[in-house]
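K.L.:
Please see the structure below; I have some questions.
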Amino acid sequence: MVGNVSSLSLVLLFLIPFFKTNIQQSISYYYYTNLREIFTGVLCAVSLFLIRYKGVDNPVFWKNDDKMINLAGVLALGVALVQTNPVACTEKIYTLIPVCAKVIGWLHYFFAAGFFFILAIISIVIFTIGQNQDPDLKVGLFNENKIYKTCGYSIIVFIIMIPICDVLHLFRSSTLILEALALISFGTSWLIKGRVLGDKGKLGMILYREKNG
């Protein structure tokens, strides 16, 4: 579901002209547009799903599917309910905290960065646990574990690049683009894990090192 919601969020960005909304500097700034309800609604739906998710237990916290995904849900809810500050406080649309202060914006960034970081850990650590692979098949370039790790490390790189690009003004809409790339990365990882493309025949051997039908 999270991968599908990530894809849905990107589709909404491409539908911005339909909603007559200008391109914003980050995904969070769409809260101050006529996409506010969609932005908050999608995040709340994702967060509630993640908080209620029951996964595989593991004594090691960062390998615990259940706890890590629940934590991601809490952070996503924080992103939805603690909004980033607008350019000017006169534009502030208050949610739970009726204060326009820099600390609120930093708290929003903490939730957002934490959410993306947990998604990266899920992709790098949790998705690579417990595959039943055929030892007779070689590990190819497009093996699932390589994809999960590539997507996870890509998320970390994109999130680190956000403040760097913002301070140095490297390119226009850098935050929005890097956030979108991070979502694409996790969406790809999630969809591969969910075997949306299938796992039969040659595809199953290349991606999953399995001989299925």
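The values are calculated or read from the model by the stated rules, or taken from the named source; none is laboratory data. The shown structure was predicted, so the numbers you read here are calculated from the model rather than taken from an experiment. For neighbour counting, all protein chains shown are included, and Cβ atoms are generated from backbone atoms with ideal geometry for every residue, glycine included.
K.L.:
Given the structure, is Leu176 surrounded by 11 or more Cβ atoms within 10 Å (Cβ to Cβ), farther than 21 Å from Trp62 by Cβ and at pLDDT 90 or above? First the steps, then the outcome.
P.N.:
On the way: surrounded by 11 or more Cβ atoms within 10 Å (Cβ to Cβ): yes; farther than 21 Å from Trp62 by Cβ: yes; at pLDDT 90 or above: yes.
Yes; evaluated as a whole, the condition is true for this residue.
K.L.:
Among the candidates Leu12, Leu50, single out the residue that is at pLDDT 85 or above, part of a helix (DSSP H, G or I) and surrounded by 11 or more Cβ atoms within 10 Å (Cβ to Cβ). It would help to see each step written out before you state the result.
P.N.:
Details: Leu12 fails: at pLDDT 85 or above.
Selected residue: Leu50, the only one of Leu12, Leu50 that is at pLDDT 85 or above, part of a helix (DSSP H, G or I) and surrounded by 11 or more Cβ atoms within 10 Å (Cβ to Cβ).
K.L.:
Mind listing just one residue for me: the one in the range 93-125 that is under 22 Å from Leu176 (Cβ atoms) and loosely packed, with under 15 Cβ neighbours inside 10 Å and, of those, modelled with the lowest pLDDT? Break it down stepwise before answering.
P.N.:
Within the range 93-125, the first condition is being under 22 Å from Leu176 (Cβ atoms), and the residues that meet it are 93, 95, 102, 104-120, 123.
After this cut, where a residue has to be loosely packed, with under 15 Cβ neighbours inside 10 Å as well, the list is 93, 95, 102, 106, 110.
Values: Ile93: 71, Thr95: 68, Lys102: 86, Trp106: 92, Phe110: 95.
For the range 93-125, the residue satisfying everything is Thr95.
K.L.:
Same structure again: What do you reckon, is Gly78 surrounded by 17 or more Cβ atoms within 10 Å (Cβ to Cβ), of a type in the set (Gly, Ala, Ser) and closer than 30 Å to Asn34 by Cβ?
P.N.:
Spelling it out, Gly78 is indeed surrounded by 17 or more Cβ atoms within 10 Å (Cβ to Cβ), of a type in the set (Gly, Ala, Ser) and closer than 30 Å to Asn34 by Cβ.
K.L.:
Return the residues of the range 15-29 that are of a type outside the set (A, V, I, L, M, F, W, C), in a helix (DSSP H, G or I) and at pLDDT 85 or above; say none if nothing qualifies. Even if it seems obvious, please write down each step before you answer.
P.N.:
Taking the range 15-29 first, the residues of a type outside the set (A, V, I, L, M, F, W, C) are 17, 20-22, 24-26, 28-29.
When the remaining residues are screened for being in a helix (DSSP H, G or I), the result is 17, 28-29.
If the condition is that a residue be of a type outside the set (A, V, I, L, M, F, W, C), in a helix (DSSP H, G or I) and at pLDDT 85 or above, then Ser28, Tyr29 are the ones that fit.
K.L.:
Let me ask you something else. Which count do you get for residues in the range 177-211 that are on the phi < 0 side of the Ramachandran plot, without any contact (Cβ under 8 Å) to a residue 40 or more places away in the chain and in a helix (DSSP H, G or I)?
P.N.:
Total satisfying the criteria: 6.
K.L.:
If you check Thr90, Thr128, which single one turns out to be out of contact with any Pro (no Cβ under 8 Å at 6 or more places or on another chain), closer than 30 Å to Tyr208 by Cβ and either modelled with pLDDT of 85 or more or not in a loop (DSSP other than H, G, I, E, B) (or both)? Before the answer, list the steps.
P.N.:
Values: Thr90 fails: closer than 30 Å to Tyr208 by Cβ.
That would be Thr128, the only listed residue that is out of contact with any Pro (no Cβ under 8 Å at 6 or more places or on another chain), closer than 30 Å to Tyr208 by Cβ and either modelled with pLDDT of 85 or more or not in a loop (DSSP other than H, G, I, E, B) (or both).
K.L.:
Hey, another quick one. Residue by residue through the range 55-70, note down the ones that are closer than 18 Å to Trp190 by Cα and either in contact with a helix residue (DSSP H, G or I) (Cβ under 6 Å, 6 or more places away or on another chain) or part of a helix (DSSP H, G or I) (or both).
P.N.:
First pass over the range 55-70, keeping only residues closer than 18 Å to Trp190 by Cα: 55-56, 62-70.
Across the range 55-70, the qualifying residues are Gly55, Val56, Trp62, Lys63, Asp65, Asp66, Lys67, Met68, Ile69, Asn70.
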